[in-house]
Amino acid sequence: MLRLVIAATAVRLIGYDGTELNMELFWIFLFSSVYPLAWGQGVYAPANAQIVHSGAACNVKDDNISERIYTIKEGDTLVLQCIVKGHPRPQVRWTKTAGSASDKFQETSIYNETLRIEGIQRVQGGRYYCKADNGVGVAAIKSIRVDVQYLDTPVLTVHQTISDVRGSYYQEKTVFLRCTVNSNPPARFIWKRGSMLIEQSKDNGVDIYEPLYTQGETKVLKLKNLRPKDFADYTCQVSVRNVCNIEDKSVTFRLTNATTPPMIRLSVNDTVVVDPGQDVLLTCEVTAGFPLPTVTWSRYPGPLPLSAQVRGPTLILRAVTPADAGFYNCSAVNNVGNPARKNVNLVVRTMGNLTFQITPDSNKDSETIQMGRDLKLSCHVDATPQDKVNYTWYKNGAPVFNSDSLILLRSDPDMAPGTSSLEIVDMKFRDLATYSCVANFPGSRVPELRVDVNISQNSVSPPVLSVPSGGQMVIVRERGNAELVCLVVDGKPRPPILWSRTEKDLLMPSGQTVVETPDGRLRLRNVSRDMMGTYRCQTAPYNGLNIKRREAQVQLNVQYPPILDPVFQDMRSRNYQMVTLRCTVLRSNPARLTDIRWFRNGDFIRMPMPDLKETPELKFKLEPTNNGSYECRVSNTAGTSTCTFNVSAQPYNAEFYFDTPNPVRILKGNNYSYNLQWTQRDPEATDRIIGYWINIRKNKQNLLSKLINLKGKEPEKGVLISHTISDLRIPLSYEVQLAPITTYSTGEYVTRIIQYSEPYTYPRPSDHVCGFEDERICGFSQDRSDIFDWTRQNHLTQNPKRSPNTGPETDRSGTREGYYMYIEASRPRVQGDKARLLSPLFNGTSVRGPKGSGRVPYCVSFYYHMKGKHIGTLNVLLRVRSIASVDSVIWTKSGHQGPDWKKAFFDISPSGPFQVCFGLL
């Protein structure tokens, strides 16, 4: 049984000249510890933001001084964290611009310190900006370019040409094998015939080239004057050289003397018209092509219907509906030549509303039927297809045919397309009758539609539009219901009424420009104030006389309670000072107020009746007995609104100083101390602050409550106040509560969680790093080429099914809550499984070595725990980055090492940037 553990202590690398390995850059890289810029006295603008990362990065590099590139594989998880320092706490915003794989500018605004994208896609590559702003000074901005790596499966297509040579004696055939792939970075292409690599310089019968304008995405293999040996299997293999562990991909095509492009034909015409409910079978027959083409069906617009069935080359549509109409496309592909494509337009017959129009003699500007003048009856139906509708006219039930006095127009040029008209010339008494228009699709199962128009001296007269008395103005309260009425009080036949807004560009509440009402009543529900305005009602030009429209207007007045400012205000004041509360009426409908009342803690305040035309106002002297919630309730006939004031002599909250990492100051045994810092918001707004109550809590239990006495020194705006909390146990975190105190009252508590982070002694004592207490494990990462991973855990979170009698009971400091990195090498592990934990990349070239030496020696130290009867081997490797990474074993330990933590340290002299790798190898 094997259980290997690395202690909760980060690796420390120290040169023999006493310098740390680029420690400032290294720990900023891990934790983005940025030093604040002073602004005033204790208020700090955001310092230069830093972006740290975790997740599945393939590589992070600096192209130049100004740009960092984060490389990640498509489908992995991107995690970027923006770390910044400042006071008050800055707000962090992420934005993005388009990358090389995007077609247009993109922006996403995420207000969070951590940006996380699950399953990142290629279009999400680009430059990500982290902006931190707290309203003080200039915002801090940092950027990183995310490069998403991917490699699609290549597509191989074959194109053939035949040309005459030496007259008509014989022909030459040239074949082009075109291999195309989408990738980032650009892929490398390899051509093979069978299993043999094709090299242009060794075969005069081939030519390998890259077409213009393909940007490395296409490679062509040209077979000149095809030879018998050229009939073979050809493989196009693409590679991005294993970046991000992306494996090579390939595609193979067999070239024979029978290779031909696809050809197809459809079983139906270009347009198919069917009735609703019919089944439709569309067959795409392959007439030529080798290899056998693959047939696919698609639809535009939108995808194939859910009920569609594809059986080989046949598409079956069951019980079609109008929603199934569209263009259906058949494609046949065998990767030889161009795909064969054909499409068919499927039209499903439908009929909508059938309307009629009665047009008196338009040459005479007539609005009534008069004997001896012309009259036109028109009939229109909204149908699909519109040009296939058949109209039949009847007079008193008998079909109408063209004559000198009755003229039929199949498509009236003066009307909307698809309108049929019957013109009555020089109307006589014999023409007074009932005329019927019937619309249908010949031979279709779609039901025909019919409309009857009675033409007599008493049946046709112009409409008279009227708004009922008192209906010109409709008054309704907000969220109520309203009815606007325009009635046709006279006229035959009575047309429907069309409603619209008189204000330009305003839509009806339904979102339409025009709403039709058969009875002239427009019903509005849940009325809002934006519906207020003037509405126009008009007679429709159809289902009645086609004459000048009759028109009227109705005003809708929406009443709502007063809109007040402020809705809520937190007011702080010194005791025994005059306080003025003012509630401003911004808008009100109706404008006249009916009542103004003031309340304190829900109790009515008796006072002289206020002037309803003046701004409501309340003045009083603040005393310890009249602190509380004050309300001003302002009413009109539509309702009541409230201004709320929280009036108090309590001091404002303290504001904790925001910094990273946490300011751990002193270590003593297994204890640490913490330098808590804060500022006081508006300390002069209330009575003098004499101190602070501080509570220290753990697991919701109070460990300590004490008074921090300011000893006569008053807090100043923006000036930091400090207090050291001592005797905290490593590595526990604590909840700190802080509240200001005045002579008369205590403010509200604010809470902050403080955490232990392990410090070291650096040239600057303000530098700090973390151990494995930090979930980001100090910038360490799992090697993506290993079989299984290290696990961050402590005694409380370890697996109860772990191997017995193995592993530590505490971390290296003796605390059960402390974290360490751990691997279980017993089952399900097998011989040869690897687990590797990689340190961040150390830039060893930035530190000079001793005089006369080209390399800098460094000391690596760490704690390890190896307990178990059949313990294996823990190895430490040095991975030096150059043209190719080189790994070398620099430390190893095998077998049972006892129940205690052991410390290891050794020297290294890397030749360039390097990483330290721990694991079972």
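Some points to look at:
- Members of the stretch 71-89 that are outside any strand (DSSP E or B) and open to solvent by 10 Å² or more (accessible area, probe 1.4 Å): Glu74, Gly75, Asp76, Thr77, Lys85, Pro88, Arg89
- Strands (runs of 3 or more DSSP E) completely within the stretch 223-287 that count 1 or more residues being closer than 30 Å to Gly75 by Cβ, free of Cβ contacts under 8 Å to residues at least 60 places away in the same chain and touching a Gly at 6+ places or on another chain (Cβ under 9 Å): 233-239
- One residue stands out in the stretch 96-115 among those that are surrounded by 12 or more Cβ atoms within 10 Å (Cβ to Cβ) and farther than 27 Å from Pro186 by Cα: the one that is modelled with the highest pLDDT, namely Leu115.
- Here Gly135 meets each of (1) open to solvent by 30 Å² or more (accessible area, probe 1.4 Å); (2) modelled with pLDDT under 90; (3) outside the structural domain of Gln81 (by the TED database) with one exception, condition (3).
- Here Gly418 does not qualify as open to solvent by 20 Å² or more (accessible area, probe 1.4 Å) and at positive phi.
- Filtering the stretch 481-528 to residues that are open to solvent by 20 Å² or more (accessible area, probe 1.4 Å), in contact (Cβ under 8 Å) with a residue 40 or more places away in the chain and part of a loop (DSSP other than H, G, I, E, B) leaves Asn481, Pro493, Arg494, Thr502, Arg525, Asn526, Ser528.
- Positions within the stretch 606-628 being open to solvent by 40 Å² or more (accessible area, probe 1.4 Å) and either closer than 21 Å to Gln650 by Cβ or of a type in the set (Val, Ile, Thr) (or both), in sequence order: Thr615, Lys619, Lys621, Glu623, Pro624, Thr625, Asn627
- If the condition is being in contact (Cβ under 8 Å) with a residue 24 or more places away in the chain and open to solvent by less than 70 Å² (accessible area, probe 1.4 Å), then the stretch 706-721 contributes Pro715, Gly718, Val719, Leu720, Ile721.
- Residues that are under 30 Å from Arg494 (Cα atoms) and either in a strand (DSSP E or B) or touching a residue at least 24 places away in the same chain (Cβ under 8 Å) (or both) within the stretch 309-363 comprise Thr350, Met351, Gly352, Asn353, Leu354, Thr355, Phe356, Gln357, Ile358, Thr359, Pro360, listed in sequence order.
- Strands (runs of 3 or more DSSP E) lying entirely in the stretch 557-654 (those with 1 or more residues that are among the β-branched types (Val, Ile, Thr)): 578-582, 584-589, 595-600, 628-636, 639-648
- Taking the stretch 911-920 as the range and being buried (at least 20 other Cβ atoms within 10 Å of the Cβ) and modelled with pLDDT under 85 as the test, the residues that pass are Phe914, Gln915, Gly919, Leu920.
- When restricted to residues that are more than 20 Å from Asp811 (Cβ to Cβ), at pLDDT 85 or above and surrounded by 15 or more Cβ atoms within 10 Å (Cβ to Cβ), the stretch 880-906 contains 2.
- Checked against the criterion of being hydroxyl-bearing (Ser, Thr, Tyr) and assigned to a strand (DSSP E or B), the candidates Ser469, Ser420 yield just one match: Ser420.
- Taken over the stretch 674-704, the criterion of being assigned to a loop (DSSP other than H, G, I, E, B) and within 14 Å of Gly747 (Cβ to Cβ) is satisfied by Arg681, Asp682, Thr686, Asp687, Arg688.
- Condition met for Arg536 (open to solvent by 20 Å² or more (accessible area, probe 1.4 Å), in a loop (DSSP other than H, G, I, E, B) and either basic (Lys, Arg) or in contact with a Cys (Cβ under 7 Å, 6 or more places away or on another chain) (or both)): no
- Hits in the stretch 596-615 - residues which are at pLDDT below 95 and within 18 Å of Leu564 (Cα to Cα): Pro610, Asp611, Leu612, Lys613, Glu614, Thr615
- Selected residue (only one of Asp387, Asp374 is within 19 Å of Ala416 (Cβ to Cβ) and not assigned by the TED database to the domain that holds Pro301): Asp387
- On inspection, Leu738 fails the criterion of being in a strand (DSSP E or B), modelled with pLDDT under 90, open to solvent by less than 20 Å² (accessible area, probe 1.4 Å) and out of contact with any Lys or Arg (no Cβ under 6 Å at 6 or more places or on another chain).
- Residue among Cys236, Cys244 that alone is surrounded by 18 or more Cβ atoms within 10 Å (Cβ to Cβ) and at positive phi: Cys244
- Positions within the stretch 184-207 being more than 17 Å from Thr252 (Cα to Cα) and open to solvent by 40 Å² or more (accessible area, probe 1.4 Å), in sequence order: Pro186, Glu199, Gln200, Ser201, Lys202, Asn204, Asp207
- Counted residues, the stretch 288-303 - those being closer than 29 Å to Ala187 by Cα and outside any strand (DSSP E or B): 2
Let's see how each residue does on (1) open to solvent by 20 Å² or more (accessible area, probe 1.4 Å); (2) under 15 Å from Asp382 (Cβ atoms); (3) of a type in the set (S, T, N, Q):
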| residue | (1), (2), (3) |
| --- | --- |
| Arg410 | yes, no, no |
| Pro413 | yes, no, no |
| Leu422 | no, no, no |
| Lys428 | yes, no, no |
| Ala433 | no, no, no |
| Ala439 | no, yes, no |
| Arg445 | yes, no, no |
| Asn454 | yes, no, yes |
| Gln457 | yes, no, yes |
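The values are calculated or read from the model by the stated rules, or taken from the named source; none is laboratory data. Model, not experiment: these values are computed from the prediction. Here the Cβ is made from the backbone with ideal geometry for all residues, glycine too, and neighbour counts use every protein chain on show. Areas reflect the complete protein model, heavy atoms only, side chains present, ligands, DNA and RNA absent. Shrake-Rupley method; radii C 1.70, N 1.55, O 1.52, S 1.80 Å.
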